[in-house]
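The values are calculated or read from the model by the stated rules, or taken from the named source; none is laboratory data. Remember, predicted model here, so these are calculated numbers, not experimental data. Here the Cβ positions follow ideal geometry from the backbone for every residue, glycine too, while neighbour counts run over all protein chains shown.
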Amino acid sequence: MALNRRQFLIGASGLAAAATTMGLAACAPGSSGGGSQGGGQGSANDLALAFWGNPTRNKNTQAEIDAFMKANPDIKIAGQPGEFNTYWDKLATQTAGGNAPDIIQMDMNYISEYGTRGALLDLGKVDVSKFVEGTVDSGKINDKLVGVNAGINSALIFANPKIFEKAKMDLPDDKTWTWDQMIEVGAEVASKAGVPFGVAALLQSDALFGTFVRQHGKELFTPDGLGFDVAEAQDWYDLLLKGQKAKAFGTPEQVSEEQPKPLDQSAIVIGNAAMQYYNSNQLEAVTAAAGGELMKLLRGPSLAGKATERKTWYKASMLWSASAKTKNPDAAIAWINWFANDPAAANIDLAERGIPPNAEILAEVKPKLSAAQQAVAKYISDIKTEVATTPIAPPPGGGTIAAVIFRHGTDVLFGKTSSAEGAQKFVDEMKSNLKV
Amino acid sequence: MSAISELSTIHRTKAKTPEEKRLLAKEAGRDNKAGYLFLLPWLIGLVLIIGGPMIASLYLSFTNYSLIQAPEWVGLANYARMFDDPRLHKSLAVTFTYVLVGVPLQLIAALAIAILLNEGMKGLPFYRSVFYLPSMLGSSVAIAVLWRQMFEVDGLVNQILRKFGIPATTSWIGDPQYALWTIILLHVWTFGSPMVIFLAGLRQIPGMYYEAASVDGASRWAQFRKITLPLLSPIIFFNLVLQIINAFQAFTQAFVVSNGTGGPADSTLFFTLYLYQRGFVQFQMGYAAAMAWLLVVIIAAFTAINFYFSKRWVFYGD
């Protein structure tokens, strides 16, 4: 009895339906294999080192690994380079599968996710005695050191001197400027130079918002959860609305278009912004992408108009962590210790991962830095007397803050909700994200 | 398949004595074994790659699982949480809009082009390839990046509009009102794979029906409605079922166009994108697994509805 056309077609539709649907549910964590070269394999002296990077960092890191293995012939390290966005998916999957890499390049937004859940090794044995004050604390979770600062960073404003020249304006005095003055300067330079943004990318900066709430005497996060209230969030959204009305921060469409753009297409790089929020370690890349135009570094504004009261801090651009499950904790610690304290490492890395937190190491490599890195090193040492205490790392779920502040902020800028309502939603969602 | 079944029919009619029946059963058993042997690679794949993870994901959907710590049983809590998760509701709204608008438009485009191509034009293989190309590229990252740049404030689309004197200043991807529509457009543009299937179906309709209809004085439109549509209905049904299932699982385009955020203002927050955010950004794999199962149920329901109503309009011609 052969199948007739009807049965065949019904069957085919049904089978295809079943097959495609099943593929979907099979998207369970276990199915995304990956991580064949994770920690658990080989002898105890074979270590895996995972990091995200760029071509320069990939080359540097391999050179560092080679130098380290030459000095420690009994340890073998295999580098696993990655790309920031996919790095975290892979790390989570590897950790879930019990084969996390032994040495992990870590980010401030993720350190508590891993640290509070016992996935990271206690790095108390790493020598951080020569680190500049305030640079060790970022890596502490519940008073235990689980991440060693691999480079100092600070959130600030880049200014494109060419645009200011075009507008025939001087750069603002960043030691005294307030948030309102930032709006005034931004509006003036945008209209005189004819660019869409006076200041770009403010809305996506959880770091500048962090200084803003600290200027109000609050914190982004406290050990108990969210450290600020709807009032501060609303003030921040009102500030952005004011800047938008003054034509200093771009239109809502431009703001939301800017957010997903890669660095080499960002507004300040392509000459669409006079100023833009960035982290200091991105200066070299921005300068290179902008055809060598060295951006000026401006301190973020304050409420009081005093740079010393703007409550900024030394961020860790990235940290070194190790898996709690590594078979060879001593070797992992040896690498981190070597990276933090041995000039051999610093001479290869220079300031690519941020300004070295170890004061002696910085002095050693400073003459070798590029013009952009020199400018960053100068900025980092200039603000030494201005930095406030280092805030605690975002607790689990806290890493979402940049996305959440941006999303509700977009609603506010588009006029879909009031700043009060947007702020309420922002705070509510953060509170629920922190309840993991 | 038919040969085997015919053989067994012959055997069955001939087999009379118990001895013969026993031998036949043995033979059939051997045949079955060989069949299963051939199926083995697929079966192993089904069990290990799809079945295993599916069961695991069903289990995880009842747990609180951060990926880093061992899962902890929470019963139906993940499913209960879905009721007051505004972003989940938003993502469902976005996905349903995408499916209910995108799929019909895509199929209409596919059918229209297939009919044009079926007119026996010269260079058909060339045009077929050209129109098929987008569906191979459509879900690629490169096209999504290109899409983003086309629909920016100063993107290609607005530049063309300005050439025609229209003062276009809208950011099609930056404005929450329009962002989803650019992705729906991208979906419609990838009409190639249903088009190829339609084309194959059109080829199977005997030309004599049209000849007879022409002789009787039926217009082209009447021919299309009375001959093409009914005879093509099984193919339309097949494409509809398949495309709906695929559309519900759309991910790449939204992920790349919004850089994984589902923005602006969650206007392109596809269900799968939100699932990914929960699982890999917020480390709530248990909740993400529960969401995956909700999607399975939704897709199964849509497919069942499709099959149910198919009785009313799908004509199998036998």
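For the reader, a short list of remarks on this structure follows.
- When the residues of region B:150-170 are filtered to those that are surrounded by 14 or more Cβ atoms within 10 Å (Cβ to Cβ) and part of a helix (DSSP H, G or I), the one that is farthest from the other protein chains (Cβ to nearest Cβ) is B:161.
- Filtering region A:383-436 to residues that are more than 12 Å from chain B (Cβ to nearest Cβ) and among the hydroxyl-bearing types (Ser, Thr, Tyr) leaves A:385, A:389, A:390, A:418, A:419.
- Subset of region A:237-268 that is in contact with a Phe, Trp or Tyr (Cβ under 9 Å, 6 or more places away or on another chain) and not in a helix (DSSP H, G or I) - its residue that is nearest to residue B:268 (Cα to Cα): A:259
- Qualifying residue in region B:133-149 (condition: within 24 Å of residue B:97 (Cα to Cα), assigned to a loop (DSSP other than H, G, I, E, B) and aromatic (Phe, Trp, Tyr)): no
Here's the yes/no breakdown for (1) small (Gly, Ala, Ser); (2) touching a Phe, Trp or Tyr at 6+ places or on another chain (Cβ under 7 Å); (3) outside any loop (DSSP other than H, G, I, E, B); (4) touching a residue at least 60 places away in the same chain (Cβ under 8 Å):
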residue	(1), (2), (3), (4)
B:268	no, no, no, yes
B:273	no, yes, yes, yes
B:283	no, no, no, yes
B:290	yes, yes, yes, yes
B:293	no, no, yes, yes
B:296	no, no, yes, no
B:304	yes, no, yes, no
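- Elements of the type helices (runs of 4 or more DSSP H) sitting completely within region A:344-423 and holding at least 3 residues that are of a type in the set (Gly, Ala, Ser): these cover A:371-382, A:401-413.
- Residue A:210 touching a residue at least 24 places away in the same chain (Cβ under 8 Å) and outside any strand (DSSP E or B): yes
- Annotation: of all residues in region B:285-298 being crowded, with 22+ Cβ neighbours inside 10 Å and facing chain A (nearest Cβ under 7 Å), the one that is modelled with the lowest pLDDT is B:285.
Residues checked against (1) of a type in the set (D, E, K, R); (2) in a loop (DSSP other than H, G, I, E, B); (3) outside the structural domain of residue A:353 (by TED's automatic domain parsing):
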| position | (1), (2), (3) |
| --- | --- |
| A:235 | yes, no, yes |
| A:270 | no, yes, yes |
| A:277 | no, no, yes |
| A:283 | no, no, yes |
| A:322 | no, no, no |
| A:331 | no, no, no |
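- Listed conditions (1) closer than 22 Å to residue B:81 by Cα; (2) in a helix (DSSP H, G or I); (3) touching a residue at least 40 places away in the same chain (Cβ under 8 Å) are all met by residue B:198, apart from (1).
- Against the test of being under 22 Å from residue A:307 (Cα atoms), modelled with pLDDT of 90 or more and either surrounded by 21 or more Cβ atoms within 10 Å (Cβ to Cβ) or not aromatic (Phe, Trp, Tyr) (or both), the options A:411, A:382, A:428 yield a single qualifying residue, A:382.
- Residue B:70 meets each of the listed conditions (1) surrounded by fewer than 16 Cβ atoms within 10 Å (Cβ to Cβ); (2) more than 12 Å from every other protein chain (Cβ to nearest Cβ) apart from (2).
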